[in-house]
Amino acid sequence: MDAAFTAEQDAIRRTLREILGKRCGPDEVKAAVRTAAGHDRELWQQLSRQLGLPGIAVAEEYGGVGCTPADLALACEETGRALLPSPLLATAVLCAPLVAALGSGAQRSALLPPLASGGLTAALAVPGPLLATALALTGEDAVGQWSGGGRAGGIQARPGEAGDGWRLYGEAAQVLDGHSAPLLLVPAHAGGFARSRTLLFLVREDAPGLVRSRQAVLDETRPQARIQLRDVPAELLGDPGGEGRAADVPAALAATGRTASAALAAEAVGAADQALARTVEYVRQREQFGRAIGSFQAVKHRLADLYVQVQAARSAAYYAAWDPDQGGLALAQALEALRMTAGEAIQLHGGIGFTWEHDAHLYFKRAASDELLFGPVHRLRAHAADRAGLFAPAPASAPTAASASASVSASASVPVSGVASGVASPPTAAAPDAPPPAHEKVAV
């Protein structure tokens, strides 16, 4: 294994950092999130044209760059450093892999090229606050009960009356970029109790009965929307006779969750690293008692602990980019590092850091929002431990040959006269060290 980055990966990192450094400062971020789209459309088109950012991990035959998910994770580290508000996570990390994995040939040819070019954005509408469950980040649910389970709530799907596709009814409360994405990928429950299964559907922005409203959220750099589906026409993602592939939907979501966790871990590492860098720069300039506060030993120790934690999270994120199966554990490490770094950044900035308008709060809000959406940390770690079998009971050891032969010889030495006649053998004298027999309780 060669852990060094390739020249192409270094070029992606360098170019993206240069563009975002010029176009995505804290003031630009605050201005972009207050637009109707929730992001800077011009910057998104620039990143799509110059770097092919949304199509980094899309195959070249569908108009993508043809890189690996590791390259996408590397790009996410730079977007996390700038807290870039963009459709990258919802479109390239969550939706494009699902279309590539489950879509029919015609659907892949129609959807992947515009998704890769940035001309089309998409959002994954999971019912309720269950995105982490659907992506198998905090637990396994191969049946897909989170999609509705045939009960009230969730999102329910039924075939159209005239055989004209499907109809959806339900609600999704926390859909990333759901207010602006022209295409929605909606997991829904179908079949009732008899044929319970989870299917994935495509819903267009102009579908009748679709109601979308942007939500007020803690982290404005992650815009969310409430999606209401009122008997909305939908297209099944996959072949027309693909109902037999219903078991593939939870598996595809889990596979997408593994790659997404690696990208999210890298993104959190980038944010934590930038928050630490800004804090170090501040303590070098801020003076107290005639000297910079960064020269005090207590401050140095706190910053050193943060540096070690961020570097450990970076190592875990890079390893998860190479092996996505370790993404959940890397995400837990990165989210914890971001939360600790953002909190210490507010503390070390002093009184100005506690003001809500300070830039340090952008990183603190991102840390809190990511844990609510994709965590919490303890559940990510618990699920990783379960998958690794860390707390699985030890298997019972098979009897050895010596013990088996001893038991056979012992049973052979028992007299059979009493057994044959139905009379128990007389009791033998107890060994000197043997415990006394238990007293029997007799009812009187």
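Odds and ends about this structure:
- Filtered residue count, segment 332-389, keeping only those that are in contact with a helix residue (DSSP H, G or I) (Cβ under 8 Å, 6 or more places away or on another chain), of a type in the set (S, T, N, Q) and crowded, with 17+ Cβ neighbours inside 10 Å: 2
- Some residue of segment 79-90 being modelled with pLDDT of 95 or more, open to solvent by 10 Å² or more (accessible area, probe 1.4 Å) and within 24 Å of Val249 (Cα to Cα): yes
- Once segment 205-229 is narrowed to residues that are more than 30 Å from Trp356 (Cα to Cα) and exposed (fewer than 14 other Cβ atoms within 10 Å of the Cβ), the residue that is farthest from the chain's Cα centre (by Cα) is Pro208.
- Top-ranked residue in segment 149-177 [being touching a Ser or Thr at 6+ places or on another chain (Cβ under 8 Å) and at pLDDT below 80; ranked as farthest from Pro87 (Cα to Cα)]: Gly150
- When residues of segment 305-321 are limited to those that are open to solvent by 50 Å² or more (accessible area, probe 1.4 Å) and either touching a Leu at 6+ places or on another chain (Cβ under 7 Å) or over 15 Å from Gly270 (Cβ atoms) (or both), the one modelled with the lowest pLDDT: Tyr319
- Top-ranked residue of segment 251-304 - restricted to ones that are in contact (Cβ under 8 Å) with a residue 12 or more places away in the chain and among the acidic types (Asp, Glu), ranked as surrounded by the fewest Cβ atoms within 10 Å (Cβ to Cβ): Asp273
- Annotation note: Cβ proximity below 8 Å between a residue of segment 92-110 that is in contact (Cβ under 8 Å) with a residue 12 or more places away in the chain and a residue that is part of a helix (DSSP H, G or I) and among the acidic types (Asp, Glu) (sequence gap 6+ or interchain) occurs for Ala101/Asp248; Leu102/Asp248.
The values are calculated or read from the model by the stated rules, or taken from the named source; none is laboratory data. Given the structure is predicted, the values throughout are model-derived calculations rather than measurements. Neighbour counts are summed over all protein chains in view; Cβ atoms, including those assigned to glycine, are modelled from backbone coordinates with ideal geometry. Heads up: the accessible areas ignore ligands, DNA and RNA and are worked out on the full protein's heavy atoms, side chains in. Shrake-Rupley method; radii C 1.70, N 1.55, O 1.52, S 1.80 Å.
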